[in-house]
Every structure is written in C-alpha cells, then in structure tokens.
Amino acid sequence: MLVTRQIQNLALIGFMGTGKSSVGRLVADALHFTFLDTDRVIEARAGKTIREIFEQEGEQAFREWERRIVEELTRRTKTVISAGGGLPASEANLASLKSHAIVVCLWASPEKIFERVRNQSHRPLLNDPDPLAQIRRLLAEREPFYRQADVLVNTGLRPLREVAGQVIHQFRLAQGR
C-alpha cells in the first residue's frame with residue numbers, strides 16, 4: 001500500500017475543530033517542514049476571507065479554489081498540509097493528496113468539535129440555528145471520505161503534543177524509517 005507511493009508530504013484532513021492547524025504546526029516544526037493551511041492560502045489568493053467567499057461567490061467557488069490548491073500541492077515536498085474540512089469530500093482531491101502524502105485524518109466527537117468551535121465566528125458552515133446538529137450532519141456526510149485516510153487519529157481526549165507525536169510516528173513508518 002504505502003511502499004509504492006512517494007511519501008514526500010504529510011496531509012492532515014478532518015472536520016473543523018479537530019486540531020489540524022495546531023497539530024500541523026507542531027508536526028511541521030518537529031520535522032523541519034513547511035506548514036501550509038489550504039484555507040489560509042485560499043484567503044490570501046482570493047483577497048477575502050472564507051466567509052466572504054461563501055457569502056459572495058458561494059460554496060462551489062470555494063471548492064474550485066480548493067481544487068486548484070490541491071493540484072499545486074503535488075509539486076511540493078517537505079510540507080505538512082492542513083486541509084480544509086470539506087476538501088477531502090472530493091475523490092479527486094483525496095486521490096491527489098494520496099499521490100504524494102501520507103493522509104492522516106484527525107477525528108473528534110461532534111460534541112468535542114462543538115465545544116472547540118462554538119465561539120468562532122469565521123466558520124460559515126456553522127451559521128445554523130442548531131450548529132451541533134449541523135456538525136453531526138456534515139460529519140456523517142464526510143465520514144466516508146475521512147475514513148479513506150491512511151491513518152485515523154482521535155484527538156478528542158489527547159493533548160496536542162501526543163497527537164503530533166503519533167502523526168510523526170505514522171509519517172516515519174510510511175517512509176520506511
């Protein structure tokens with residue numbers, strides 16, 4: 001499985017609030033890799049926030065931004081990629097990530113995710129009268145894609161450094177070290 005792939009990068013996927021950015025930065029520092037958050041790249045290139053893209057152009061325009069960024073990532077090396085929560089819901093995006101990276105899905109319960117993100121106003125998909133129900137619905141939709149990751153790591157009850165250590169261990173295993 002992994003031995004036939006050229007693992008040059010590490011991609012973190014998973015729902016918002018599972019720790020992709022925090023864990024990703026720790027992993028990148030430990031491996032001396034570049035950290036890249038796809039959402040931040042999109043915001044920089046679009047010249048507007050994710051929320052503004054959703055409001056002004058719609059979700060499809062945002063997903064097109066994601067597709068373009070993922071395509072560019074195939075040319076990167078020594079990069080820890082923090083993918084937006086919906087990015088792997090595209091089979092093409094997921095396949096592209098797997099072509100050059102070990103894909104690690106960070107996972108947490110809907111309740112833990114809600115606890116982590118409930119006070120964050122920059123999450124356009126949570127603009128819902130019942131955000132916890134929205135989290136459950138989106139998690140259920142995305143779970144089949146998340147489960148296609150090479151490794152799943154539960155972040156619900158573990159310190160970030162411990163999660164980062166496990167992610168690094170999985171990366172080294174995938175590289176045969």
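Please treat every number below as a calculation from the coordinates, not as lab data. From a predicted model like this one, the values you see are computed outputs, not experimental measurements. Cβ atoms come from the backbone with ideal geometry, glycine included; neighbour counts cover every protein chain shown.
Run the simple label-point estimate for Ala46 and Ser99 please: 7 Å along Cα→C-beta, distance reported in nm.
2.4
Within the set of other residues whose C-beta is less than 13 Å from the C-beta of His100, count the net charge using Lys and Arg as +1 and Asp and Glu as -1. Don't skip to the answer; put the middle values down first.
Numbers: positive: Arg5, Arg75, Arg76, Lys78, Lys98; negative: Glu71, Glu72, Asp150.
Spelling it out: positives minus negatives among the neighbours equals +2.
My understanding is that a pair violates if its Cα-Cα distance is over 26 Å; which of Lys20/Lys98; Lys20/Lys48; Lys48/Lys78; Lys78/Lys112 do that in this structure?
Numbers: Lys20/Lys98 17 Å; Lys20/Lys48 21 Å; Lys48/Lys78 28 Å; Lys78/Lys112 31 Å.
From the list (Lys20/Lys98; Lys20/Lys48; Lys48/Lys78; Lys78/Lys112), the Cα-Cα distance tops 26 Å for Lys48/Lys78; Lys78/Lys112.
What FRET efficiency comes out for Glu57 versus Arg147 if R0 is 30 angstrom and r is the Cβ-Cβ distance? Round to the nearest 0.05. It would help to have the intermediate numbers written out before the result.
Details: r = 30 Å, r/R0 = 1.00.
After rounding to 0.05, the efficiency reads 0.50.
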